[in-house]
Amino acid sequence: MVRRKPAGQRHVTEDELAARLGSALRAARLAQNIDQLTLARQAGVSETALRNLESGGGTVRTLIRVIRALGREGWLDSVRP
């Protein structure tokens with residue numbers, strides 16, 4: 001089944017979606033008053049990996065670790081089959 005976007009809506013690129021996700025993770029971190037180094041340690045990732053994730057890069061494994069460290073596993077529910 002092919003989903004069509006409503007007329008007048010532009011396609012959001014993968015880069016834009018990645019940037020939005022990174023921004024949401026950064027906002028969640030800041031809302032909890034956690035610095036990057038602390039969250040990286042809690043998540044078991046490098047500070048560079050966290051910086052990359054917040055900038056729209058990174059890996060799925062890093063994403064999952066950071067989401068768990070932020071206590072936001074519920075975010076993953078929206079992508080479960």
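Structure notes:
- MRE, 222 nm, helices only [DSSP H, n ≥ 4, -39500 (n - 2.57), over the chain, to nearest 500]: -17000 deg cm²/dmol
- Phi angles across the range 29-45 convert, under the Karplus curve 6.51 cos²θ - 1.76 cosθ + 1.60 with θ = phi - 60°, into 3J(HN,Hα) values of 5, 5, 5, 9, 6, 10, 7, 4, 4, 4, 5, 4, 5, 4, 7, x, 10 Hz, Gly and Pro given as x.
- FRET efficiency, 1/(1 + (r/R0)^6) with R0 30 Å, evaluated for Val12 and Glu47 via beta carbons: 0.55
- Each part reduced to its alpha carbon centroid, the range 55-74 and the range 10-37 end up 10 Å apart.
- Rg/Rg_ref, the chain, where Rg_ref = 2.2 N^0.38 Å and atoms are Cα: 1.23
- Here the chain exposes an accessible surface that is 50 percent carbon and sulfur, computed with a 1.4 Å probe and the other protein chains kept in place.
- Against the chain, whose longest principal axis comes from its Cα atoms, helix 60-69 is set at around 60 degrees.
- Solvent exposure of the chain, expressed per residue, is 76 Å² of accessible area, with all protein chains present and a 1.4 angstrom probe.
- The slack in the chain from Gln32 to Ser55, taken as 0.36 nm per residue of separation less the alpha-carbon distance, amounts to 6.4 nm.
The values are calculated or read from the model by the stated rules, or taken from the named source; none is laboratory data. Note that the structure is predicted; figures quoted are calculated from it, not measured. Cβ atoms come from the backbone with ideal geometry, glycine included; neighbour counts cover every protein chain shown. Heavy atoms of the whole protein, side chains included, go into the accessibility calculation; ligands, DNA and RNA do not. Shrake-Rupley method; radii C 1.70, N 1.55, O 1.52, S 1.80 Å.
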